[in-house]
1. Around TRP35, what is the net charge, scoring Lys/Arg as +1 and Asp/Glu as -1 over all other residues with Cβ under 9 Å from its Cβ?
2. Ignoring everything except DSSP H segments at least 4 long, calculate the 222 nm mean residue ellipticity for the chain; use -39,500 (n - 2.57) per segment, divide by total residues, nearest 500.
3. Given DSSP loops and a limit of at most 14 other Cβ atoms within 10 Å, what is the longest stretch of the chain that contains no such GluC sites (Glu not before Pro)?
4. How big is the Rg/Rh ratio for the chain, C-alpha atoms only, Rh by Kirkwood, two decimals?
5. Can you bin region 44-98 into rounded, prolate or oblate? Criterion: square roots of the alpha carbon gyration tensor eigenvalues sorted a ≥ b ≥ c, rounded for a/c under 1.5, prolate for a/b above b/c, oblate for the rest.
6. Need one word for region 24-74: rounded, prolate or oblate. Basis is the Cα gyration tensor (sqrt eigenvalues a ≥ b ≥ c); a/c below 1.5 gives rounded, then a/b vs b/c decides.
7. Along the Cα→Cβ direction, 7 angstrom out, place labels at LYS7 and ASN53. What is the inter-label distance in nm?
8. Determine the relative contact order of the chain: mean sequence separation of Cα pairs under 8 Å and six or more apart, normalised by residue count, in whole percent.
Amino acid sequence: MRIIKRKPLVDFYERHTDAKAPLEEWYTKTKKVEWSHFSDVRKTFNSVDSVGNDNYVFNIKGNTYRLIARILFKVKTVYIRFIGTHQEYDEIDDCSKI
């Protein structure tokens with residue numbers, strides 16, 4: 001998959017150093033795969049959830065952090081929309097509108 005902008009990951013793990021290894025693992029795995037639909041994503045990350053509008057929530061570091069990505073399967077592209085703590089994620093009203 002093509003991941004648009006790795007910089008948000010780097011910016012986040014520079015502030016939350018314990019997130020570096022898990023975010024780099026997510027990035028490496030995601031870059032190597034070619035997902036065609038949600039079930040393919042589930043095969044790679046079994047805890048991922050679909051929240052609507054092509055947005056998917058990934059648990060990072062045992063659910064300490066959350067990453068929301070928009071996945072466009074037809075063009076094999078992933079857009080990082082949000083990375084934050086579980087508490088910051090809980091403050092989002094509607095993940096599908098991120």
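1. In short, 0.
2. Using -39500 (n - 2.57) per qualifying helix, the result is -9500 deg cm²/dmol.
3. Between exposed loop sites, the widest span is 35-90.
4. 0.92
5. oblate
6. oblate
7. Label at LYS7, label at ASN53, 2.3 nm between them.
8. 28 percent
The values are calculated or read from the model by the stated rules, or taken from the named source; none is laboratory data. Remember, predicted model here, so these are calculated numbers, not experimental data. Cβ: placed from backbone, ideal geometry, glycine included. Neighbour counts: every protein chain shown. With ligands, DNA and RNA removed, areas are computed over all heavy atoms of the protein, side chains included. Shrake-Rupley method; radii C 1.70, N 1.55, O 1.52, S 1.80 Å.
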